[in-house]
Structures are given as structure tokens and as C-alpha cells.
Amino acid sequence: MAKRRVEEDRRLLCEGCGYDLTGLAGEGDGGRACPECGRGINESKPVHRTGTAWQRIGGVRGWWGSLVELVRGNQQMWEEARVGWRTDRHLALFNAVAAGGLVVAGLVTNGIFGTSFREVAEVTVVVLILFWWVLVHLITTSLVLIMIWIEHVGIRFFGKRRGWRISEGVAWTVVGHASYGWLVSGVLCGVLMLEPVRMNMPWRDMELPFLAGHIDGYLITLIGAALWGMIVFEICVYLGVRKMRYANPPTITQ
Ligand SMILES: [Zn+2]
């Protein structure tokens with residue numbers, strides 16, 4: 001299978017302003033600074049990027065560690081993130097599966113404690129409900145993955161137009177770590193799946209005049225809940241891109 005040849009940009013750039021530091025970063029350059037913005041050259045070297053919790057530890061502990069970094073608003077994590085770390089895509093996948101799982105958790109809770117199971121006596125119906133849960137998980141996970149994938153294409157496209165260096169690796173590192181944002185959608189939509197929450201929404205049956213008969217207040221609330229996660233995701237991507245637009249990959253030549 002022919003592999004597409006990718007021209008990798010291996011110049012050492014100043015991570016503060018994007019100035020090309022090639023030739024300036026030799027041996028014994030400890031105190032030297034970027035001629036353009038004054039940032040220390042050593043601070044732009046890839047060794048400076050020691051990895052986020054997810055990249056360093058991995059697994060559930062690493063996943064939790066990076067979530068904490070993100071929730072604390074720790075901008076440092078984008079300075080520490082290794083560019084194009086091999087498990088960054090796994091993080092996106094993991095968070096997409098988790099977001100879908102949170103929605104289904106709401107459905108399952110509703111099924112067990114709500115009316116769904118009490119009203120059905122037939123096995124076939126129970127099987128159908130189980131099938132429905134799996135289907136909902138697949139659909140929500142896929143939707144989140146598609147949004148993450150589109151975002152990774154998007155930041156590469158806009159980055160190129162702005163003269164940034166958003167490589168494939170940078171893009172996945174950013175969207176992978178920003179994908180925690182989708183958990184907000186998962187939590188909010190999962191809560192909306194709970195029957196008491198739905199029944200107590202005063203506007204649940206309200207039909208919107210311009211969409212009469214097609215969409216009601218509940219569905220609008222559900223879409224709104226999903227959008228909150230997208231907003232958090234987009235904010236994280238924005239912060240990540242701002243810090244990593246000139247990030248140096250471990251493969252650069254100095
Ligand atoms: Zn600079």
C-alpha cells in the first residue's frame with residue numbers, strides 16, 4: 001500500500017512567536033533568547049514538553065490527571081503537552097465513548113427505576129430496549145467522534161491560513177485533550193434522560209411555532225445540553241491552539 005508522503009516541517013520555531021530559530025540553538029546557548037519576542041530558546045526546545053498526565057501516566061490515572069489539569073484551567077498543560085503523542089487519539093476515543101456512556105447511563109437509570117421496565121412483560125420488548133441502549137451509545141459516540149475529527153481538520157485548515165504550524169500531530173494532541181469537553185454534553189444529556197427531570201420540565205411539550213409538529217421543548221433542551229459540551233470543547237481547543245500553534249515536535253532538528 002502506497003503511503004502518502006508527508007513533508008514534515010522540522011524547523012525549531014520559537015513557541016512564543018513562531019520565529020525560525022534554526023541555527024540559533026546550538027550548544028552552549030543556555031541564556032539565549034528569541035530575537036523576535038525575547039522568549040528563552042531553551043523554553044522552545046521539545047525536551048521542555050514533558051507530557052500531560054495522560055501522556056506520562058496513561059490509563060485511568062492519567063485520564064483523571066489530565067481532566068484535573070483541564071478543570072483547574074491549567075494553561076501549563078498545553079506547554080507541557082508532547083506533540084503528536086501516540087495515545088492522543090485514544091484519549092479522543094475514550095472521551096467519546098465515555099460521553100455516549102453517560103447519556104446511556106441516564107437511559108438505563110430511567111429504564112430500571114422509571115416506567116420502561118415496569119410496563120413491559122414481554123422478553124422481546126426488553127431485548128428491544130437493550131438494543132436501543134446499545135444503538136444510542138453507538139450513535140452518540142459516533143457523533144462526538146465525527147465532531148472531534150472535523151475539529152482536527154478545521155484547526156489545521158485555519159492554522160495554515162494564519163501561518164501557524166498545526167501539524168497532524170499538534171491537531172490530535174489539542175483535540176484529544178480538549179475532548180474532555182464532550183463529557184459536559186454527556187452529563188447534561190444523561191440527566192435529561194431521567195424521567196423525573198423530563199416530567200418536571202414546564203416547556204417539555206411546547207411546540208415551536210415555526211417547527212410545528214416536528215420538534216418540541218424537550219428536544220430543544222436536549223440539543224441545548226449537547227451544545228454546552230461543544231462550547232467547552234471549542235474553548236479548550238482555542239486555548240490549546242493558542243499555546244501550541246508553533247509547538248515543536250520531538251523529531252525536530254536543531
Ligand atoms: Zn519568539
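Some notes on this structure:
- Charge dipole magnitude, Cβ of K and R +1, D and E -1 - the chain, Cα centre, debye nearest 20: 820
- Positive-end residue, the chain charge dipole about Cα centroid, Cβ charges, pick of Trp149, Trp203, Gly23: Gly23
- For Trp164, distant residues with modelled amide H under 5 Å away: none
- Dipole of segment 52-244, positive direction: furthest Cα of Leu222, Val104, Gly58, with charges on the beta-carbon: Gly58
- Of the trypsin sites (Lys or Arg not before Pro) in segment 20-96, the ones in a loop by DSSP (not H, G, I, E or B) with at most 11 other beta carbons within 10 Å are Arg72, Arg86.
- Other residues lying with their Cβ under 11 Å from the Cβ of Gly106 contribute a combined charge of 0, Lys and Arg counting +1, Asp and Glu -1.
- Put in order of Cβ neighbour count within 10 Å, fewest first, the listed residues Thr140, Thr124, Thr173, Thr109 become Thr124, Thr109, Thr140, Thr173.
- For a modelled paramagnetic label at Arg10, 7 Å from Cα along Cα-to-Cβ, the residues of segment 238-253 in reach, with backbone nitrogen under 13 Å, are 249-253.
- In this calculation the C-beta distance from Phe157 to Glu195 is compared with R0 = 30 Å, giving a FRET efficiency of 0.10.
- Note on Ile231, Ile220, Ile252: ascending count of other Cβ atoms within 10 Å places them as Ile231, Ile220, Ile252, the fewest first.
- Degrees, to the nearest 10: 88-113 long Cα axis against longest axis of the chain: 20
- Sorting the segments 242-250, 192-200 by their mean number of nearby beta carbons within 10 angstrom, highest to lowest, gives 242-250, 192-200.
- When all alpha carbon pairs of the chain are counted in 5 Å bins from zero, the resulting P(r) reads 1, 6, 11, 14, 14, 13, 11, 8, 7, 5, 4, 3, 2, 1, 0, 0 %.
- Listed as lacking a disulfide-compatible partner in the chain: Cys189, Cys236, by the criterion of no other cysteine Cβ under 4.7 Å.
- Estimated distance in nm for a label pair at Trp228 and Ile215, the labels positioned 7 Å out from Cα along Cα-to-Cβ: 1.9
Only the coordinates and a few stated rules stand behind these numbers; no lab work does. Small disclaimer: the values here were computed from a predicted structure and weren't measured. Reconstructed Cβ throughout: ideal geometry from the backbone, glycine too, with neighbour counts over all protein chains shown.
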